[in-house]
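K.L.:
Have a look at this one before I ask anything.
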Amino acid sequence: MKGIVMKNSIVKILTFVGCALLVAGCGDKGGGTSAKAPRKATEPRGALENMQLTILAGDKKAFVDCFEAAEKEKYLLGAFCEYVIAMSQFDQAMRKAYGEEGIKETTRGRDPAMNFNSENWLNEVSIKVEGDKASIVTKGGGETWQLVRKDGLWKIRAENMLGLRKDTSDENIEQATKMYQAMAKAVNDVKQKIGQPGYTAEKVNKEFVWAMVKASGGPSIPSYIPK
């Protein structure tokens with residue numbers, strides 16, 4: 001797992017989920033889409049909207065249902081969702097303790113095109129449909145996702161988003177699942193330090209990144225985080 005799958009998963013984490021999810025902010029501001037329920041995704045856009053809504057609701061099962069996934073991949077998606085929810089709660093705690101300036105520090109280096117906190121985030125992606133397949137690309141050429149339509153409904157391809165390959169072994173998937181679980185724990189552990197005496201937003205963010213890299217087995221700290 002220290003190979004392609006792990007490397008791709010770490011990239012996805014830092015650029016897609018951890019870098020995108022400010023979903024708790026929607027609830028803080030009393031607006032957003034948190035009150036809506038997922039609908040049948042009869043178009044690609046609907047599949048992405050449903051993914052956001054299930055995260056807002058903290059509904060792991062509904063999140064997994066947004067994806068076209070083999071049975072073995074569903075466990076990985078579940079762990080992936082646990083990490084996503086942990087990130088959401090982390091950002092919420094940062095905003096509460098340090099305000100908008102604290103959140104700016106926490107989200108440095110994140111991809112603004114994939115900020116789910118914005119109700120207009122889907123305007124930052126382009127959708128190309130070819131029959132029963134679709135490609136989603138963020139403005140600026142960030143993330144690219146693949147979707148498929150089966151029985152009239154669109155779902156996101158799990159292997160594409162998670163950085164898996166067709167020849168990815170069950171062992172690798174199991175290790176990736178454990179990695180996401182470890183990263184969720186790392187987020188929750190650091191979250192306990194938010195607002196504590198001596199902990200500024202910068203200090204929390206620094207410990208957060210180091211904890212995440214350690215949990216994921218990553219090779220280095222992003223350049224925008226001082227050592």
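K.L.:
Kindly indicate the residue of segment 53-76 that is surrounded by 24 or more Cβ atoms within 10 Å (Cβ to Cβ) and farther than 21 Å from ASP151 by Cα and also farthest from the chain's Cα centre (by Cα) among those meeting that condition.
P.N.:
LEU76
K.L.:
All but one of (1) of a type in the set (A, V, I, L, M, F, W, C); (2) touching a Pro at 6+ places or on another chain (Cβ under 8 Å); (3) at pLDDT 85 or above hold for LEU53; which doesn't?
P.N.:
(3)
K.L.:
Still on this structure, please answer the following. Given the condition farther than 25 Å from LEU77 by Cα and at pLDDT 90 or above, answer yes or no: does some residue in segment 215-224 qualify?
P.N.:
no
K.L.:
Which one is surrounded by the most Cβ atoms within 10 Å (Cβ to Cβ), of the residues in segment 179-196 that are more than 19 Å from GLU101 (Cβ to Cβ) and without any contact (Cβ under 8 Å) to a residue 24 or more places away in the chain? Spell out how you get there, then give the answer.
P.N.:
Step one: list which residues in segment 179-196 are more than 19 Å from GLU101 (Cβ to Cβ), which gives 179-189, 192.
Retained after the next criterion (residues that are without any contact (Cβ under 8 Å) to a residue 24 or more places away in the chain): 189, 192.
Numbers: ASP189: 14, GLN192: 9.
It comes out as ASP189.
K.L.:
For segment 56-76, what are the residues that are among the hydrophobic types (A, V, I, L, M, F, W, C), at pLDDT 85 or above and assigned to a helix (DSSP H, G or I)?
P.N.:
Listed by number, the residues that qualify are ALA62, PHE63, VAL64, LEU76.
K.L.:
Which residues, taken from segment 97-147, are modelled with pLDDT of 75 or more and part of a loop (DSSP other than H, G, I, E, B)?
P.N.:
Correct list: GLY131, ASP132.
K.L.:
Find the residue count for segment 148-178, including only residues that are among the small types (Gly, Ala, Ser) and either in a loop (DSSP other than H, G, I, E, B) or surrounded by fewer than 19 Cβ atoms within 10 Å (Cβ to Cβ) (or both).
P.N.:
3
The values are calculated or read from the model by the stated rules, or taken from the named source; none is laboratory data. Note that this is a predicted model, so its numbers are computed, not measured. When we count neighbours, we look across all protein chains shown, and the Cβ atoms used for this are built from the backbone with ideal geometry, even at glycine.
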